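Before any comments, here is the structure.
The values are calculated or read from the model by the stated rules, or taken from the named source; none is laboratory data. This one's a predicted model, so the numbers in the text were calculated from it and none came from an experiment. No Cβ is skipped: glycine too gets one built from the backbone with ideal geometry, and neighbour counts run over all protein chains shown.
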Amino acid sequence: MGIREDKNKQAEAYLQYLVANLNSGEVLPPLRQMMRDSGLGRNVLENALRKLEASHKLKIRARSGIYVIGEDGGPDENYVDIIACSEINYLNSSIPGCFALRLLNTILSEVATHSYIPRLHRVNYYALVTEYAELIQKQKIRRAILLMPHHNDIPRLFAAAGVPHVVILPRYYPDRGPAVIDSPEIVEIQLNHLFEHGHRKIGFIHSVDLGMDFLTGLLRRESFYRFMGEHALPVHPEWVIHYTLDHSKLRERFDLMFSTSEHPTAIVVEDWVLKSVYTCMNERGLEIGKDISIISSDGQVGGLTPLPASVINSPVKIAELGWSFFEQSLKEPDFSAIDSVEPGIQEGQSVATL
């Protein structure tokens, strides 16, 4: 797919998402705001708007606005509902290149590419599971993509309602598919990369929250300890710290990490805390890629110098595999498959060779 065609698909997906989440007669945001929110140019958005107007989904009124035209919204409507499950601000990140947002945008584009209309719903982590059943009934959901649910009971409700669906990156291990799960190799690839560059004293920032279901975080932390144990490498308690987005608390945890006579030469992190980690290292006067090495995971965070080394969880590959499972579930109600995509590595300049 060429760059222009790809941009056109992104614009159509973005506008269809807006249309699907507005009622008949409501107005779309101003063009300038849509350009800013989508990251797309004026021409590509105007072309997509004209296409939607020609298909009678929008009405463009000069000096008035762009209005949604009503549809019957019946159960046979050509919608695919994307449910951001168990959501705690993972769609509100301001981090450029944040993995969760890139994954959502890629899924929206995948849905639009196959001539469906995406509708996005968000359900809070603390919501009762019954809220999903209410959502199915209220929105007349007939096809669903479940993004990052934290419990098996969520897809079971969709199965019980006869809704074909696929689960994308569940925070538990699914008892049946179709599901695209987190790659079990990510932390091992990170550590092997550091090991090959001579690092033996390695710190780790984990995302395990007591009282919250998050098997992915537990498995990643387990992978770290297993790798270090298998290679007879030391792990001091201060070297493994819990993430926080509170900068002062993160600084205190790094104070402990670096207070011992021995401290890590490298740190393993996830993309959504990477910017804060860079800031803390700069505050300590440590030059990243020289005095301290850092390797990230999942997304490609922009705007950081030096360019971070990262093990990339490809949103494109995940969305493509998820869609192939989803299409199969439409054809075969009993279809069940569980698989992950192979991550790649971005070398970057944040890892020194010792």
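Descriptive notes on the structure:
- Among residues of segment 19-49, those that are in a helix (DSSP H, G or I), surrounded by 12 or more Cβ atoms within 10 Å (Cβ to Cβ), out of contact with any Ser or Thr (no Cβ under 8 Å at 6 or more places or on another chain) and modelled with pLDDT of 85 or more, counted: 8
- Whichever residue in segment 303-354 is of a type in the set (A, V, I, L, M) and part of a helix (DSSP H, G or I) and, among such residues, is farthest from His165 (Cα to Cα): Val316
- Subset of segment 57-96 [surrounded by 10 or more Cβ atoms within 10 Å (Cβ to Cβ), on the phi > 0 side of the Ramachandran plot and either modelled with pLDDT of 80 or more or in a loop (DSSP other than H, G, I, E, B) (or both)]: Gly73, Ser86, Asn89
- Considering the conditions (1) within 24 Å of Cys85 (Cα to Cα); (2) of a type in the set (A, V, I, L, M, F, W, C); (3) surrounded by fewer than 19 Cβ atoms within 10 Å (Cβ to Cβ), Leu233 is excluded by exactly one of them, (1).
- Selection status of Ser276, assigned to a helix (DSSP H, G or I), at pLDDT below 95, assigned by TED's automatic domain parsing to the domain that holds Pro234 and of a type outside the set (Phe, Trp, Tyr): yes
- Residue within segment 252-269 that is among the acidic types (Asp, Glu), in contact with a strand residue (DSSP E or B) (Cβ under 6 Å, 6 or more places away or on another chain) and over 18 Å from Ile168 (Cα atoms) present: no
- Qualifying residues in segment 206-264 (those that are within 17 Å of Glu283 (Cα to Cα) and among the acidic types (Asp, Glu)) - the one modelled with the lowest pLDDT: Asp246
- When residues in segment 157-170 are screened for being in a loop (DSSP other than H, G, I, E, B), in contact with a Pro (Cβ under 9 Å, 6 or more places away or on another chain) and at negative phi, 2 of them pass.
- Of everything in segment 297-312 that is out of contact with any Phe, Trp or Tyr (no Cβ under 6 Å at 6 or more places or on another chain) and in contact (Cβ under 8 Å) with a residue 60 or more places away in the chain, the residue that is farthest from Asp271 (Cα to Cα) is Gly303.
- Condition met for Ser248 (within 17 Å of Pro184 (Cα to Cα), hydroxyl-bearing (Ser, Thr, Tyr) and assigned to a helix (DSSP H, G or I)): no
- Scanning segment 299-354 for residues that are loosely packed, with under 15 Cβ neighbours inside 10 Å, farther than 30 Å from Arg200 by Cα and touching a strand residue (DSSP E or B) at 6+ places or on another chain (Cβ under 7 Å) yields a single hit, Asp339.
- Selection from segment 138-156 of residues that are surrounded by fewer than 20 Cβ atoms within 10 Å (Cβ to Cβ), in contact (Cβ under 8 Å) with a residue 24 or more places away in the chain and either among the polar types (S, T, N, Q) or not in a loop (DSSP other than H, G, I, E, B) (or both): Gln139, Asp153
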